[in-house]
Amino acid sequence: MSSRDAGWTSLLLDLHTGATSHDAYTSIATPDLRIGVSVSGRYACDVVINGRWRHDAHDPGTVCLHRTGEPTRYRFPKPDTADYRLALIYLPVDLLDEGREHIRRAVARRARRH
């Protein structure tokens, strides 16, 4: 499932279920900030960080930040439970920059009043 199906244009939310891959695969590089949230079930993920495989276990509520601007290598061993779901949220850099600028202007206006 994906927010694309609902017609969203500013924010992308993909829901992944039940995927496994003992073979490593490389993600697509994106400038977007990616946040992964484990929604249900338990699963493991292997990821290459600084040239070495790292093993992470995920339970419901686990949150992880994914690197931006570069591809990442992953493996997903067989999940501990068949009902696991992972939500990936992609926050566009432009949207974050607009939010930062909005807050900066609000703080500046408030400082001028005081």
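The values are calculated or read from the model by the stated rules, or taken from the named source; none is laboratory data. Predicted model, so just to flag it, every value in this text is computed and none were measured. Every residue, glycine as well, gets a Cβ built from its backbone with ideal geometry; the counts of neighbours run over all protein chains shown. Calculation scope for accessible area: heavy atoms of the full protein, side chains included, ligands and nucleic acids excluded. Shrake-Rupley method; radii C 1.70, N 1.55, O 1.52, S 1.80 Å.
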Can you go through Tyr90, Tyr84 and tell me which one is open to solvent by less than 60 Å² (accessible area, probe 1.4 Å) and either among the β-branched types (Val, Ile, Thr) or at pLDDT below 85 (or both)? Tyr84
What is the number of the single condition among (1) open to solvent by 80 Å² or more (accessible area, probe 1.4 Å); (2) under 14 Å from Leu91 (Cα atoms); (3) without any contact (Cβ under 8 Å) to a residue 24 or more places away in the chain that Ser3 does not meet? (1)
Within region 14-32, residues open to solvent by less than 60 Å² (accessible area, probe 1.4 Å) and out of contact with any His (no Cβ under 8 Å at 6 or more places or on another chain) come out as Asp14, Leu15, Gly18, Ala19, Ser21, Ala24, Ala29, Thr30, Asp32
Of those in region 40-81 that are among the aliphatic types (A, V, I, L, M) and over 19 Å from Asp23 (Cα atoms), the residue most open to solvent (accessible area, probe 1.4 Å) is Leu65
Cβ-Cβ under 8 Å, sequence separation 6+ or interchain: first residue in region 96-114 and within 30 Å of Arg34 (Cβ to Cβ), partner surrounded by 10 or more Cβ atoms within 10 Å (Cβ to Cβ). Which pairs? Leu96/Leu33
